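Here the structure comes first, spelled out in structure tokens, and everything after it is commentary.
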Amino acid sequence: MCLAIPAQIIEIIEEEHAVVDMGGVRKTISTALLDEVAVGDYVIIHVGYALNRLDPEEAAETLRLFAELAAATDAV
């Protein structure tokens, strides 16, 4: 099972590599599978590769739901 968490591109470091932020965790990823990416884009990552870009509103909603789930889990 794969859990797809949106990650925001915070830096382009090479032609096919970027740094993303996932809730405070920063990771260098490959963007070789995408045509174009820019700082600020949200992407879905699997095994170090950005698979696709997300609409910013969709990414924000997904992150909100994860935060809500985490808060509910902490309450238990």
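The values are calculated or read from the model by the stated rules, or taken from the named source; none is laboratory data. Everything numeric here is computed off the predicted structure, so don't read it as measured data. With ideal geometry, Cβ positions are generated from the backbone for all residues, glycine too; neighbour counts draw on all protein chains shown.
Being surrounded by fewer than 11 Cβ atoms within 10 Å (Cβ to Cβ), aliphatic (A, V, I, L, M), out of contact with any Cys (no Cβ under 6 Å at 6 or more places or on another chain) and free of Cβ contacts under 8 Å to residues at least 60 places away in the same chain is true of LEU69.
Being charged (D, E, K, R), closer than 19 Å to GLU15 by Cα and surrounded by 11 or more Cβ atoms within 10 Å (Cβ to Cβ) is the filter here; which residues of region 29-62 pass it? Listed by number, the residues that qualify are ASP41, ARG53. Checked against (1) closer than 15 Å to ALA4 by Cα; (2) outside any helix (DSSP H, G or I); (3) not hydroxyl-bearing (Ser, Thr, Tyr), GLU58 passes all but condition (2). Any residue in region 1-21 that is assigned to a strand (DSSP E or B) and touching a Pro at 6+ places or on another chain (Cβ under 8 Å)? The answer is no; no qualifying residue exists.
Of all the listed residues (LEU34, LEU51), the sole one being in contact (Cβ under 8 Å) with a residue 12 or more places away in the chain and either assigned to a loop (DSSP other than H, G, I, E, B) or basic (Lys, Arg) (or both) is LEU34. Checked against (1) in a strand (DSSP E or B); (2) at pLDDT below 90, ALA71 meets all criteria but (1).
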